[in-house]
Structures are given as structure tokens and as C-alpha cells.
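Shown next, in C-alpha cells, is the structure this report addresses.
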Amino acid sequence: AEARPRVLVVGAGLAGLGAAQRLSSSRAFPNLRLLESTARAGGRVCSQRFGSEVVEMGAHWIHGPSKENPVFQLASDYGLLDEEAMSEENQQIEVGGHPLLPAVFYSNAGRVLSPELVEEVRNLFSTLLDQTREFLHMAQVSVPSVGEYLRKEIAQQVKEWTDDDETKWLKLAILNTYFKLECCVSGTHSMDHVALGPFGEYAMLPGLDCTFPGGYGGLPDCMLTSLPKESVLFHKPVTVVRWGGSYQEESQEGRTFPVQVECEDGERFLADHVIITVPLGFLKEHHETFIDPPLPPRKADAIRQLGFGTNNKIFLEFEQPFWPPDCQLIEVVWEDESPLVEAGTNLQASWFRKLIVFLVLQPPERYGHVLCGFIAGKESEYMETLSDAAVITALTDVIRKLTGNPHLAPPKKVMRSQWHSAPYTRGSYSYVAVGSSGDDIDALAQPLPEDAADPRPLQVLFAGEATHRTFYSTTHGALLSGWREADRLLSLYDTSESHQHKPRL
Ligand code: 6YU
């Protein structure tokens, strides 16, 4: 076995686990090690206890749970999904990335907005958003970002609105909520940062988004169990990946390895190949020292130019619900805001205005009265710096405004994610930022050395959600990227089994 190629995988998120699982199911790779910086597998799939229940701090849904979605397939095979999610009917529903839940729109003036008005505005916004797909592969776009395109179109439309002034302002305020919602979807501070041309390249699968009844974390847990126990090392943050070298093991004279990986505790691992699956946020911060010799300029530029923003969750538990019993989504409208007017920048005074959507965790018999708020961008990063008490105070104040009830009891418990502060993530997920394109994603995914004729090929490979050109920002994108890099190695050694792609369950 010692003569067989040695492979290291850095990071035990879905990309790393997927790569390790596929490689370990082949006899060609008995020398496989997975190095994970934290104490657990899953990375941005992170289920945690909140009281007696499990909530998702990271990935929430399987987006497009249907046959083509490998996360859906794997989760079904492991028996982690409920009957409804697995039904044929569920798999055929097309929601275009934006599932519709029974929602109530509250405004900061303490009123519930008319569902008809909200629906009119939602239809307008989703029509405009769909139009952005038309710019894919166009040589020239009139404005660089999705945000600017939407605002330009809205400014045009407003001129034709025949509503009274108050309704006009309200419609603009509702549109502004949709802009903020879209910031959560793309994991960005502003839709002005999201590139217009490539926006339509993100691909959606059919199926009504579903959750994991026992927690998303069941998936990485099952994947981990299928790997040889001794192959996975936790608390092993990698600090440097050296490549293009000639490293020797003291105990093994004669054999040299092109790759040496060094961990924070000083331990070093030699390998023929390393698959790096660390988040783009980590690479943005560390790539200049993390990889030695440094990345070729094309790859370093891709890391700098692609977007990686923040989307966090805030869980709030209430003694009593303030929302109606059938409501599954609460949306917040600030009546004094409009996408056509520049927003204020005082984070301390107004960070909470960016939190515009709360999911009501279902079913209430199981969760009690728990809301999951989503907040993106700089306001979200600022929120991470506050104490729990400060978050509760600010949000109680907001909810009292929304309900018009100045005595509404504060939530009895809060828990939130802090993805921007997390040292091995540094944000939530990637997007194609203004100044970048899908070509940058492909450049990031290119292995090293770049010269395919190099006698020691595929020394450093790259996987992770940010390396998937059409499914970036998702768990299925992450998993597919891990499989892609495992397959790259399998085909290098061209083992007879390399075409059997079934992971060992
Ligand atoms: C999805 C969803 N979802 C919400 C929130 C977040 C994300 N996603 P990992 O980070 O998992 O693994 C890397 C590992 O490496 C990790 O364990 C590190 O500790 C380790 N590491 C780092 N440095 C290291 C070092 N130096 N040494 C050793 N180890 C090291 N996806 O499908 N459904 O509902 C959501 C959501 C709050 C934060 C999500 C969702 C994104 C996924 O979680 C994410 O892509 C994958 O888990 C990443 O796996 P990985 O292996 O690559 O990295 C048009 C258009 C728009 C485009 N966007 C639309 C899509 C919407 C995306 N939806 C997201 C929404 C939510 C709510």
C-alpha cells in the first residue's frame, strides 16, 4: 500500500467529505488523509441544539431536491428525508429558486400590509429578476450589476404607476425589502456588488426545497462514518501547502513527494496530491501565505475578484407567538425606504433594518414559537460583534414597532451564526461579483501545476462550493466539486473501478 499515491484532503465540509468518500471507495487510494481545522465535520452544514430542538446555523434547505441533485440522492439513500420530500410530486415542483410560503408583511408603522399589494410588487420584482437572465453571454451589458439593472427598470416603471402617492411609496418600500431579501439569497451586502452578465449562470433544479427533519448535519455525519476512522484528523488547521517540491519521509528513503502540508501545530504531511476545499473567504484572507509557491496570477485574481459575503441567521424563541397561526414567513417593510434612495450607513443606529425576513420554524408543536431571521451584508457582520443582550434589545424594539405593541415580551432566548468571524470560513458563500465571471470560478478550480505535461501532475486540486460554475453557494455544488476532483485523480490512475461512482454507504 505504501507505494500507492498519497492523497490529502483539506477541509471536512461536503466537498472534502465527498472527495474523500469517492477516493476511499477505490482501492487505488488506501493512503488518504482528511485534515479538518475544527472539531467537527460538516463545515457550513452545521446543525446545533437550540433548547430541545435542532436548528441549522448554516445550510438550511436542499435547493431543488430532485433526481439530479446529489445531496438529495445521498440524503435519500441514507434515509435522512421525510416521505413528503421524497415524493415524486415534490420533486417535480418548479419554484425558480424562490419557494412561496404563507407570509405576513409587517411594516415599521405597526400595520400589516395588504396581501394584494404585496403580491403585485412581488410579481414585478420577480419579473425583473427573471429578466436579468437574458444578459447571460451578452458581450455588453448596459450596467454592471444586478442592483443597478433592477433600479433602472424600477425607476422607469414608477413613472407609469397611476397609484396615489402613499401607495407608490409603499410599493417602493416593499421593493426595498425584496432587494434585501435578494442580498440574503446571494450572500452579499448589496445587489450592486453582484455582476449582471453572469447572474443567469447560476442553475436551478426542480423540486420544492426541503429540510432535514433530524438536522442537515446528519448528512456529513453519515459520510464521515463511511470513511476509515484513522483517515480523518480533527483540530488540524493547515497553515501552508507547499507544492512543486521534493520531500522525503525519514523512514522511507528513496521515495519523494511533491507536496508538503504543514499544520498549525507544526505537524507535516507529505503527499502526491492535495485537494484543497477551504472556503473562498479563507483563501481571500490567506492565499498569499497558504500556498507556496504562490498561486499563478490568474488564480490569485479569481480569488480576489469573486464575491464572498455574509448571510447570518438569528434564532429567537418567544413565549407566545405574535404572528397568526398559519403564518410561515414574516417579512418586514420599512416604509421610509426605497431602492431609489441611498440607504443610511450608520451600522450602529440601523443595522437591524437589514433583517427583513423571519421563517417560522415548522411545526410549532415541535419547535415551540421559534423564528429564524436572515440578515446579510455589513449589517450582518456588525451584528456578529454585538452581545446577545444587545441583539435582543434591538430586535424587541423592531418587533414592538411592527406589531404596534409597545409591551410585547422580548424573546426568551437567542442564538445566531457568526460566519464572518469564523476564522476558517470568513463569510457565508460565494457569488459572482462585479468585475468577475464564471471564468473566474473555472480558473479557481484549475489544478496545479498548470502545465498538463508536468511529470508530477495534479499536485494541488481545488474543490468547494466556490469552484462550481453553475451551483456555487449550495451544498450540491460543494458535493459535486468534491466528486469532480476525486474523479480527476481517479482518471489519472485510470483504475478499472474509476468509473463506478457509487459512494460506499
Ligand atoms: C444550500 C441552503 N444556506 C446558509 C448559511 C450558510 C451557507 N448554504 P465548507 O465551508 O462546508 O467546508 C470547508 C471546511 O474546511 C470547513 O469544515 C473548515 O473548517 C475547513 N477548513 C478551513 N480552513 C482550513 C484549514 N486551514 N485547514 C483545515 N481545514 C480547514 N446551501 O444548498 N442550501 O439552504 C444554504 C446557507 C448561513 C453559511 C448556506 C446553503 C451554502 C452551503 O452551506 C455551502 O455552499 C456548503 O456547505 C459549502 O461546502 P464546502 O465543503 O465547499 O465548504 C441567481 C443566483 C444566486 C446564487 N445564490 C443562490 C443560492 C442560494 C444559496 N442559499 C443559501 C441559503 C441558505 C439559507
**Asked** Here are Leu295, Leu283: which of them is assigned to a helix (DSSP H, G or I) and buried (at least 20 other Cβ atoms within 10 Å of the Cβ)?
**Response** Leu283
**Asked** Do we find that Asp82 is more than 14 Å from the ligand (Cβ to nearest atom) and more than 30 Å from Gly373 (Cα to Cα) in this structure?
**Response** no
**Asked** Across segment 22-56, which residue is nearest to Val414 (Cα to Cα) among those that are more than 9 Å from the ligand (Cβ to nearest atom) and among the hydroxyl-bearing types (Ser, Thr, Tyr)?
**Response** Ser52
**Complete:** Of (1) touching a Pro at 6+ places or on another chain (Cβ under 6 Å); (2) free of Cβ contacts under 8 Å to residues at least 40 places away in the same chain, Thr225 fails just (1)
**Message:** Taking the criterion of being more than 16 Å from the ligand (Cβ to nearest atom), crowded, with 18+ Cβ neighbours inside 10 Å and closer than 23 Å to Asn311 by Cβ, would at least one residue in segment 404-413 satisfy it?
**Reply:** yes
**Prompt:** So which of Leu448, Leu489, Leu458 is on the phi > 0 side of the Ramachandran plot, at pLDDT 95 or above and more than 10 Å from the ligand (Cβ to nearest atom)?
**Reply:** Leu458
**Item:** Filtered residues of segment 263-273 (kept if more than 11 Å from the ligand (Cβ to nearest atom) and either of a type in the set (Gly, Ala, Ser) or assigned to a strand (DSSP E or B) (or both))
**Value:** Gly266, Arg268, Phe269, Leu270, Ala271, His273
**Request:** Looking for whichever is among the hydroxyl-bearing types (Ser, Thr, Tyr), under 28 Å from Arg49 (Cβ atoms) and crowded, with 17+ Cβ neighbours inside 10 Å here; the options are Ser421, Ser430, Ser417, Ser437. Which one fits?
**Result:** Ser417
**Message:** Here are the criteria: (1) under 30 Å from Trp483 (Cβ atoms); (2) of a type outside the set (Asp, Glu); (3) in a strand (DSSP E or B); (4) within 14 Å of the ligand (Cβ to nearest atom). Tell me which single one Gln260 does not satisfy.
**Reply:** (4)
**Request:** Check Ala75, Ala19, Ala59 and return the single one that is closer than 13 Å to Val232 by Cβ and within 12 Å of the ligand (Cβ to nearest atom).
**Result:** Ala19
**Request:** Starting from segment 360-383, keep only residues that are without any contact (Cβ under 8 Å) to a residue 60 or more places away in the chain, then list their pairs with residues that are in a loop (DSSP other than H, G, I, E, B) whose Cβ atoms are within a distance under 7 Å, requiring at least 6 positions of separation or different chains.
**Result:** Val360/Trp323; Val360/Cys327; Val360/Gln328; Gln362/Gln328; His369/Gln320; His369/Pro321
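The values are calculated or read from the model by the stated rules, or taken from the named source; none is laboratory data. What you see is a predicted model; the values in this text were computed from it and never measured. Ideal geometry is used to build each Cβ from the backbone, glycine not excepted, and the neighbour counts take in all protein chains shown.
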